[in-house]
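A.B. asks: The structure's right below; bear with me while I get my questions together.
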Amino acid sequence: MNQYDVAAYIWPSYTGKEPRSRQFWAEGIGEWQSVRSAQARVEGQILPRKPLWGTVDEADPKVMAFQIDEALRHGVNVFIYDWYWYDRRPFLEQCLDEGFLGAANNEKMQFYLMWANHDAGYTWDKRQSDLDEIIWLGSQPREEFERICRRVIDLYFRRPNYYKIDGCPVFMIYEMSNLVRGLGGVEKTRQALDWFRALTKEAGFPNLHLQATIYSENAVNVSGVDSTREGSTKDLVNLLGFDSVTHYQFCHFVDCNRDYAEILPDVQAEWERIRRTYKVPYYPHMSIGWDNNPRFNHLTLPIIKNNTPDNFKKGLLMAKDYADRYNTVPLVTINSWNEWTEMSYLEPDDVYGYGYLEAVRDVFCEK
């Protein structure tokens, strides 16, 4: 049994069922195409990595039924799906709608959405990943925002295994500055979020739990995917009325071009800063690694080194201690279940086997 909510992000690109994905991954297997072609460019890099479960279609319900069982067996009991809305319609929804929700055992696993509202450029297309151009805007005007809210309430919030805090469905927003940009300023954004809360209450829930992905207070773009972010996330969390915060990736707030063991003290210090200065709960986040080179044809930095299962386990113990000390809701977020093109995944590979999953099991599951 597991008394913690261990939530792993899912990057839903490992399928060929999304028609619009062919412009990025022409072979029709999603971003497995980039994983297979990855090359080591510096000493110590081990690329390509091979998934022990194979380059499977994660929009296949039988595949996801197996993965749900493996996740639960190792203490991961929540999936956070990266969820996209571009050009007036969803993008990469198949892994959630067909794979996870189509799995016969899906109700054993809780899930919630992180609206990944960053702009989409050419980073996903390895042939052109250096192009600094926008294909789709992640910011959305009020009309589109309302369509999004109605969709997520009707299709997801109503499901019995949608993750809730105090009965309130949790909805994470990745990029607050893009949210504000699309809705026309802070005041109008607060009005839109208040409308979303009211709509959620009308659907029969006590309220909406809004969760923000946060970066360093004056963040810069390091991942190659996100839009430019400016200003204080702390101020926006308060002004927009978010209920909690967490992180998505270490590379958003610490220097990742070094050994994993050197990173952990800085991560812990950032957690403490957030705890002291934010007015809402922080749910501790643990990343497994960072190496974005599978998406590029040349060396790109930063690269986290020595992110072994043993070192990862030290970070998990740190997160468990924080949850025990400070939070009434024992939620921990992990990047990620399957971010193979960023080298941050729990799924077993040909280097460490089940090592990362076993680390989660050892820390969070009762003996």
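The values are calculated or read from the model by the stated rules, or taken from the named source; none is laboratory data. Please read these numbers as outputs of a predicted model, since none were measured by experiment. Note: ideal-geometry Cβ built from the backbone for every residue, glycine included; neighbour counts use all protein chains shown.
A.B. asks: Can you tell me which residue is surrounded by the fewest Cβ atoms within 10 Å (Cβ to Cβ) among those in the stretch 270-285 that are within 27 Å of TRP337 (Cα to Cα) and hydroxyl-bearing (Ser, Thr, Tyr)?
C.D. replies: TYR282
A.B. asks: Here's a follow-up. Does the stretch 47-63 include one or more residues that are on the phi > 0 side of the Ramachandran plot and either among the small types (Gly, Ala, Ser) or touching a residue at least 24 places away in the same chain (Cβ under 8 Å) (or both)?
C.D. replies: Yes: the stretch 47-63 contains one or more residues that are on the phi > 0 side of the Ramachandran plot and either among the small types (Gly, Ala, Ser) or touching a residue at least 24 places away in the same chain (Cβ under 8 Å) (or both).
Yes/no matrix, rows are residues, columns are (1) within 30 Å of SER34 (Cα to Cα); (2) acidic (Asp, Glu):
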| residue | (1), (2) |
| --- | --- |
| GLY102 | yes, no |
| GLU175 | yes, yes |
| LYS188 | no, no |
| PHE205 | no, no |
| GLN211 | no, no |
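A.B. asks: Where the second residue is at pLDDT 95 or above and of a type in the set (S, T, N, Q) and the first is part of a strand (DSSP E or B) and lies in the stretch 113-124, which pairs have Cβ atoms under 9 Å and are six or more apart or on separate chains?
C.D. replies: Pairs that qualify, where the first residue is part of a strand (DSSP E or B) and the partner is at pLDDT 95 or above and of a type in the set (S, T, N, Q), are MET114/GLN211; MET114/THR213.
A.B. asks: I'm trying to understand the selection: among the residues of the stretch 126-146, which are of a type outside the set (D, E, K, R) and either surrounded by 15 or more Cβ atoms within 10 Å (Cβ to Cβ) or not in a loop (DSSP other than H, G, I, E, B) (or both)?
C.D. replies: Answer for the stretch 126-146, where residues must be of a type outside the set (D, E, K, R) and either surrounded by 15 or more Cβ atoms within 10 Å (Cβ to Cβ) or not in a loop (DSSP other than H, G, I, E, B) (or both): GLN128, SER129, ILE135, TRP136, LEU137, GLY138, SER139, GLN140, PHE145.
A.B. asks: Related question: Give PHE312, PHE296 a once-over and let me know the one that is in contact (Cβ under 8 Å) with a residue 60 or more places away in the chain, crowded, with 18+ Cβ neighbours inside 10 Å, aromatic (Phe, Trp, Tyr) and under 26 Å from ARG49 (Cα atoms). If you could, list the steps in order and put the result at the bottom.
C.D. replies: Details: PHE312 fails: in contact (Cβ under 8 Å) with a residue 60 or more places away in the chain.
Testing whether each residue is in contact (Cβ under 8 Å) with a residue 60 or more places away in the chain, crowded, with 18+ Cβ neighbours inside 10 Å, aromatic (Phe, Trp, Tyr) and under 26 Å from ARG49 (Cα atoms) leaves just PHE296.
A.B. asks: When you scan the stretch 78-87, do you find a residue that is closer than 26 Å to HIS247 by Cα, of a type in the set (A, V, I, L, M, F, W, C), surrounded by fewer than 21 Cβ atoms within 10 Å (Cβ to Cβ) and modelled with pLDDT of 95 or more, even just one?
C.D. replies: no
A.B. asks: Taking the criterion of being closer than 22 Å to ASP324 by Cα, part of a helix (DSSP H, G or I) and either at pLDDT 95 or above or of a type outside the set (Ser, Thr, Tyr) (or both), would at least one residue in the stretch 238-258 satisfy it?
C.D. replies: There is at least one residue in the stretch 238-258 that is closer than 22 Å to ASP324 by Cα, part of a helix (DSSP H, G or I) and either at pLDDT 95 or above or of a type outside the set (Ser, Thr, Tyr) (or both).
A.B. asks: Moving to a separate point now. Among the residues of the stretch 16-65, write down those that are part of a helix (DSSP H, G or I), out of contact with any Phe, Trp or Tyr (no Cβ under 7 Å at 6 or more places or on another chain) and not hydroxyl-bearing (Ser, Thr, Tyr).
C.D. replies: The answer is PRO19, ARG22, GLN23, ARG36, PRO61, LYS62, VAL63, ALA65.
A.B. asks: Please find, among VAL152, VAL170, VAL180, the residue that is β-branched (Val, Ile, Thr), out of contact with any Pro (no Cβ under 9 Å at 6 or more places or on another chain), buried (at least 20 other Cβ atoms within 10 Å of the Cβ) and part of a helix (DSSP H, G or I).
C.D. replies: Sole residue among the options that is β-branched (Val, Ile, Thr), out of contact with any Pro (no Cβ under 9 Å at 6 or more places or on another chain), buried (at least 20 other Cβ atoms within 10 Å of the Cβ) and part of a helix (DSSP H, G or I): VAL180.
A.B. asks: Would you call ASN178 of a type outside the set (Asp, Glu) and in contact with a Gly (Cβ under 6 Å, 6 or more places away or on another chain)?
C.D. replies: Working: of a type outside the set (Asp, Glu): yes; in contact with a Gly (Cβ under 6 Å, 6 or more places away or on another chain): yes.
It is true that ASN178 is of a type outside the set (Asp, Glu) and in contact with a Gly (Cβ under 6 Å, 6 or more places away or on another chain).
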